[in-house]
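Just so it is clear, none of the values below were taken in a lab; they were calculated from the coordinates. If you're wondering where the values come from, they're calculated on a predicted model, not measured in any experiment. Note that each Cβ is placed from the backbone with ideal geometry, even for glycine, and that neighbours are counted across all protein chains shown.
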Amino acid sequence: MTSTASVQPPSGPAFSELFLPKLITVWREGYGIADLKTDAIAGLTVAIVALPLSMAIAIASGSTPDRGLYAAIVGGFIVSALGGSRFQIGGPAGAFIVLVAATIHQQGIEGMLLATLMAGVMLTAIGLLRLGTYIKFIPYPVTVGFTAGIAVIIFASQIRDLFGLSLSGPEPGELLPKLKVLWAALPSISASATALASACIAIIMVLRSYRPLWPGMLIAVALASLATYFFNLPVETIGTRFGGIPHALPWPSLPPVTLEKIRDVLPHAIAFAMLGAIESLLSAVVADGMTGRRHRSNCELVAQGIANIGSALFGGLCVTGTIARTATNVRAGARGPVSGMLHSVFLLLFMVVAAPLASYIPLAALAGVLATVAWNMAEKHEFAVLLRSSKGDALVLLATFLLTIFRDLTEGIIVGFSLGAILFISRMAETTGIEARAKLVPEDVPDDSAGAAGRYDPAVVNDPDVAVFRIKGAFFFGAASAVGAVLDSISAQHKAFVVDFEAVPFLDSTAANTIAGIARKGARHGVHVFITGAAPALRQMLLTHGVREPLVSYRRSVEDAVSEAHAMKHTAAG
């Protein structure tokens, strides 16, 4: 099977199919009692993870813990019921802590709710206008940069509760003034709070290493709460700071809406919508990579929009797809969206039954939970790889990272994307310089002209075990999604897969990361991947991103790779 990319998008599906929730798709395929049992176990597993995390994110955002639960219950249910991903888990996300805290500080709780509602309307419109596809064009260094920046800010926001510091005034939102105030308050450090937070972090890390299927976060928080209660430790708890959490959901209501208020919160709403779209689609892509499924981007954005509207009406925080909880859902064996809906139902039951017990949860324990979340989301390996990848990628990464930390998340994304676009234009200009004599549109020539017939090989085309895919042209973040989808679908059907880079003038880190993901998936399914025709610069970029032996094999030509694939097949058969 020989293919050539330039990838032409297929004719689009009908509008009704494009926005059909995956819940209906799963039911059409057949859904029985065994599937329901499996989804119930997965939903309970995710709910156990989401319970402490939702409260911790809400507190870190400058809100009350109940608003995090409302978002996970109402928003999470809608995301799973209406979404375009089989496995997406919606709820409050650590990435939003900075934006939500700034919005509450400037506009109050009601302003935050209005911004969430407006963001929901925007996300719904973006999905209905089918603009979700373009969100995938964000370069990989930008996503790594702002994710790492958010991780730093989340950790900084937890220092006060990690050490039980007493502040003489409000805690600043900006990083440098915050660190200055926290340093001045260092003499007020609480030994009890520090010990609880350290113990929680240690328990979570140890269980993740030795008992990964156990709910480490919930176990750590429960043990810390028991220690606080029985030893009467002098630390702040949810009860002492917030008075506990309610026993049920509130009645839905609109936040106050005026033209002046809409104008004031509009920038916050745009930031919520932008980050929500990016986070939710990234999470859906992660789920696709783990399961081999494909999500519907625009359907997912419509669901995210309706979920944010619903969360705001019930007084909850903004909602997005959550990568960690979605991955937990997949690993727990979920069969479809029912697991996500049940996760919300279980959270509601926890709130109704166990609300009084939440008052004993120490804030230091929740700070320990968020500290581990920040450590895990920092993408340290990817950050280091991009710094070594190229000067251009390193510039985009550091600009996004530093602006996210010291200026503003939205500004960091915009500047990072702009630098990525400039870098792409520069690389295209270099490529144009190399091929200065090439005509813009090649002329038609007879098949019997020298070299015009191409490299059609019936033995390769008809081979059921070996697939060959030739990429032609610049392979960059704008094409990575489309090409990656084609490669992924082809590679799964064969025992060996050859990707020819002979006609690729350059590729960027997003494209290299796409190839790395396909190679890892191929290795899991016993598909051997060959890379052929890669120029030294391209090969170095692929190696930097982990595309190396034994994950893939590099060969000079397609013919060499196909011959070796046949030899491997005959050896295995013998």
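Quick look at the numbers
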quantity: Top positive-direction residue, dipole computed over the chain with Cβ charges, set Leu551, Ile425, Ala197; calculated: Ala197
quantity: Calculated FRET efficiency for the pair Leu259/Ser209, C-beta based, R₀ 45 Å, to 0.05; calculated: 0.25
quantity: Angle in degrees between helix 140-163 and the longest Cα principal axis of the chain, rounded to the nearest 10; calculated: 20
quantity: Rounded if a/c under 1.5, otherwise prolate or oblate - the stretch 279-318, Cα gyration tensor axes; calculated: prolate
quantity: Tilt relative to the chain, helix 338-358 - C-alpha long axis, 0 to 90 degrees, to 10; calculated: 20
quantity: For the stretch 33-106 versus the stretch 359-376, the gap between their alpha-carbon centres in whole angstrom; calculated: 16
quantity: Folded to 0 to 90 degrees: helix 97-128 orientation relative to the chain principal axis, Cα; calculated: 40
quantity: Under 5 Å, built H, 5+ apart or other chain: amide partners of Tyr554; calculated: Ile531
quantity: Net charge dipole size for the chain [Lys, Arg +1 and Asp, Glu -1 on Cβ; Debye, nearest 20]; calculated: 860
quantity: 222 nm mean residue ellipticity, helices alone, for the chain (DSSP H n ≥ 4; -39,500 (n - 2.57); rounded to 500); calculated: -21000 deg cm²/dmol
quantity: Relative contact order (%) - the chain, alpha-carbon pairs under 8 angstrom, separation at least six; calculated: 25
quantity: Peptides 155-162, 409-416 ordered by average Cβ neighbours within 10 Å, highest first; calculated: 155-162, 409-416
quantity: Ordering of 230-236, 217-223 by burial proxy (mean other Cβ atoms within 10 Å per residue, highest first); calculated: 217-223, 230-236
quantity: Table column - 3J(HN,Hα) (Hz), the stretch 265-281, Karplus curve with 6.51, -1.76, 1.60, x for Gly and Pro; calculated: 8, 4, x, 5, 5, 4, 5, 4, 5, 4, 5, x, 5, 5, 4, 5, 6
quantity: Lysine pair count for the chain [Cα-Cα under 25 Å; pairs on different chains or 8 or more apart]; calculated: 17
quantity: Of all DSSP beta bridges in the chain, antiparallel share, percent nearest 5; calculated: 15
quantity: For peptides 367-373, 147-153, 551-557, sequence by mean Cβ density within 10 Å, most packed first; calculated: 367-373, 147-153, 551-557
quantity: Long-range HN-HN contacts of Lys472 with modeled amide H, under 5 Å; calculated: Ala5, Ser6
quantity: Cut-off 15 Å, label 7 Å out along Cα→Cβ of Glu379, residues of the stretch 524-554 by amide N; calculated: 545-546
quantity: Square roots of five times the Cα gyration tensor eigenvalues for the chain, Å; calculated: 45, 26, 24
